[in-house]
Structure formats: structure tokens, C-alpha cells
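The values are calculated or read from the model by the stated rules, or taken from the named source; none is laboratory data. Since the structure is predicted, the reported quantities are computational estimates derived from the model, not experimental observations. Cβ coordinates were reconstructed from backbone atoms using ideal geometry, including for glycine residues, and neighbour counts include every protein chain displayed. These accessible areas exclude ligands, DNA and RNA; they are computed on the full protein's heavy atoms, side chains included. Shrake-Rupley method; radii C 1.70, N 1.55, O 1.52, S 1.80 Å.
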Amino acid sequence: MGTQENITEIICALLRKHFDIAEEKLEERFWKEPLTGFHFGLSGADLVYLLFEAEKTFDIKITEGQLENYGFSTIEKVAGCVAESIKGRRPDRKEAAFR
């Protein structure tokens, strides 16, 4: 479950299941499109739900630092956050307090 390709496939499956995103909208050419933009149309609350679903699915914690600078805004960036968390990145004290 740890390869970037597998992670992205699982994230796309979460988007299909929980947000009813059509398969053709999840093609690789759209992975850099903002999830809250016109193409995907998710709300801020939807991103929070996706964050919780990703944490539960991959048994990880996404840190505050990973969310800075739109770090959880596209399929590609979400996959990067998940991959980084799977690798066991140790949070600093600020991030640990956020949990």
C-alpha cells in the first residue's frame, strides 16, 4: 500500500466513494488541479473529511506542517502527504500539539 501509485489509486477511490467524483475526472492529467476548484468542486469541509478518511485508511496522521502552503490541495499533494506520513516522519512539538 506504500507506493506512490498505489496511494494515488486509493485516494482516487476515496474521492469516488465519498464525493461521487466521476472516473473521467480522476484521470492523471487532473491530479494537479485544486480539489476545491471548478474541476472537482469540493468544499473546505469536504477536504477535512478527505483528510480524516485518508488518515483512517492509511493509519497515519497528517501533520499541521504538511497542510501549510496548500499541502493538501490536489490529488498529487494529498498523495505526497500520505507517502510522507507512511515513511514515519517525526512531528515537531508544534505539530504534536496540533493533534
note = Scanning the stretch 2-30 for residues that are touching a residue at least 24 places away in the same chain (Cβ under 8 Å), open to solvent by less than 60 Å² (accessible area, probe 1.4 Å) and within 17 Å of Glu84 (Cβ to Cβ) gives Gly2, Ile7, Thr8, Ile10, Ile11
query = Is it true that Ala45 is under 13 Å from the mean Cα position of the chain (by Cα) and in a helix (DSSP H, G or I)?
reply = no
